[in-house]
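Taking it in order: structure first as C-alpha cells, then the write-up.
The values are calculated or read from the model by the stated rules, or taken from the named source; none is laboratory data. In this text the structure is predicted, and so the values were computed from the model without any measurement. Backbone-built Cβ (ideal geometry, glycine too); neighbour counts: all protein chains shown. Areas reflect the complete protein model, heavy atoms only, side chains present, ligands, DNA and RNA absent. Shrake-Rupley method; radii C 1.70, N 1.55, O 1.52, S 1.80 Å.
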Amino acid sequence: MHNSQLYKACKISSPSKIEGAGGSMTLQRKLVRSIYICLFMLLFIACDRSHDGTLDDTFETQVVDIVTYTGLDTDNHATFRLDGRDDDPAVTLYSTVGAPDKVKENERLLLTYSIAHRAGDNSYWNIDAVGYSRVINDSIRVNANPLDTYQMRPIRLISAWRTGEFINLHAKAEATSKSRLIYMMIDNDTKYNDTVQAYLVHDLLNTPSDSIFQWREFYMSINVAALKSPNAPCQVLRLNLNDENNPKITYRDFQIK
C-alpha cells in the first residue's frame, strides 16, 4: 500500500446487481432472492461494526480504536500504542505505511485498521492501517473560577471508558458554525479527596441559538496521569455529566487506582 493511499476515507460499495438467468423471474423467486440479499447485507454490516477499545476475534474485519501515535520504526513505518482497558497492558501496533499527515508524536487518534498478525504474548500486532481522524486531545484541567460560571451544555453520551492514563468519551454534542470549547475540568476543592469531582465543560461561547444546526458525534481522550501519580490521593474520578441520553444518571465513576 502506498503512503498516499493510507489515510483516504473508506468507502463501502453497494452490492452488485444480481441478474436472473433467462429473463424475468416469478414473484416467489424474487421474494426468495430478496430475502437472501437482506441476510447477506445484515451479515456484512455485523462483520464491519466498529467499537471502542475491544476486539472481536470472530471476524477478520476492520476495528476502530483510540490510539497514541508513537512515531516511526527503523523502517520508517508508523507505529501506534493501544492502551488496554483500565490498567491492562498496552499493545504496540506496527503498520506498513509512513507517518500520518500533520500528526505529532504522542497525539491521540481514532484509528481504523485490521489485524494482520498478533504476537504470541499479545505485546504487539502487525496491522493494516486504513484511516484516522483526530479526537479532542487534552489533559484534565482545574477550575480557576466558581463552578457555576462555567457553561455545561448537554451532550448525548454513547460510551465512556478508561485506558491507562486516559479517560475516553464517545458522544454527540450540539454543532455550530462558530468556535466553541469542550474540555474536562476538576473541581479544585476536591482535588485532594479520595473521590475527585470532574465536569465536562461545553461552552458555545455565546453562539446564538439559531446557529445550532445539528448534533454531531465526537471522541475525546483526556490525560489524567496527574491523578494516577503515587502522591495523588485520588482513588476515583467522578465525571459529572449533563447527558440527554440518560438524564437520571448524572455522573460516571472511573477507578483511578
query = With r defined as the distance between the Cβ atoms of residue 106 and residue 159 and R0 fixed at 25 Å, what FRET efficiency is calculated, to the nearest 0.05?
reply = 0.60
inquiry  = Please compute, for the alpha-carbon atoms of region 52-195, the extent along each of the three principal axes and give them in descending order in Å.
reply    = 51, 40, 32
key: Convex hull (Cα only) mean projected area of region 163-251, reported in nm² to one decimal   = 6.8
key: Stretch gain in nm, segment residue 149-residue 114, where the contour uses 0.36 nm per residue and the Cα spacing is subtracted   = 8.1 nm
ask   = Restricting to region 129-257, what percent of DSSP beta bridges are antiparallel, rounded to 5?
value = 70
key: For residue 244, solvent-accessible area (1.4 Å; no DNA, RNA or ligand), Å²   = 90
request  = Run the 1.4 Å probe and let me know the accessible area of residue 132, rounded to the nearest 10 Å².
outcome  = 50
key: Most to least accessible of 77, 117, 170 (protein chains only, probe 1.4 Å)   = 117, 77, 170
ask   = How would 252, 162, 216 rank on accessible area, largest to smallest, probe 1.4 Å?
value = 216, 252, 162
Surface/4 of the Cα convex hull for region 126-181, nm² = 6.5
Accessible area, probe 1.4 Å, largest first, for residues 139, 229 = 139, 229
task = Using amide H atoms built 1.01 Å from N in the peptide plane, name the residues 5+ places from residue 166, or on other chains, whose amide H lies under 5 Å from its own.
result = 224
ask   = Considering only protein heavy atoms, what is the solvent-accessible area of residue 104 at a probe of 1.4 Å, reported in Å² to the nearest 10?
value = 150
task = Please give the FRET efficiency for residue 70 paired with residue 212, using the beta carbon to beta carbon distance and R0 = 30 Å, rounded to the nearest 0.05.
result = 0.20
